[in-house]
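The values are calculated or read from the model by the stated rules, or taken from the named source; none is laboratory data. As the structure is a prediction and not an experimental result, all values here were calculated from the model. Note that we place each Cβ from the backbone using ideal geometry, even for glycine, and neighbour counts take in every protein chain shown. The area values use the complete protein model at the heavy-atom level, side chains included, leaving out ligands, DNA and RNA. Shrake-Rupley method; radii C 1.70, N 1.55, O 1.52, S 1.80 Å.
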Amino acid sequence: MKIEILGTGCYNCGKLEILVNEVLQELGKTDVEVIRMDDEKRIRHYMPLDQIPGMLIDGVLVSVRDLPSRETLVEWFSGVSMPGAG
């Protein structure tokens, strides 16, 4: 699994990255690549800059602007319910 945090370094971007790493650690997921994408041109490919933070899971945009809850992240990272899948 590859997770990309889309953000330019704002408070919520950092908060999302910390939350993602905490949930992955709680789940014991060590084979996940977490990348912070801060290149504005690349971010705009997925979403407007005024909508950050965003998050991609395996190239699928799953979150824009609002921070997903811890419970939602657990579901996504466990493959239970992922937006854009299926």
For this session: Please state which one of L67, L61, L73 is in a loop (DSSP other than H, G, I, E, B), open to solvent by less than 80 Å² (accessible area, probe 1.4 Å) and touching a helix residue (DSSP H, G or I) at 6+ places or on another chain (Cβ under 6 Å).
Result: L67
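Suppose the filter is open to solvent by less than 90 Å² (accessible area, probe 1.4 Å) and not β-branched (V, I, T); does D50 pass it?
Working: open to solvent by less than 90 Å² (accessible area, probe 1.4 Å): no; not β-branched (V, I, T): yes.
Judged against the criteria, D50 is not a match.
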Exercise. In segment 26-47, which residue that is in a helix (DSSP H, G or I) and farther than 11 Å from F77 by Cβ is least open to solvent (accessible area, probe 1.4 Å)?
Worked result: I43
Seminar exercise, completed: Residue count, segment 2-25, condition closer than 17 Å to E75 by Cα, more than 11 Å from the chain's Cα centre (by Cα) and open to solvent by 70 Å² or more (accessible area, probe 1.4 Å), comes to 2
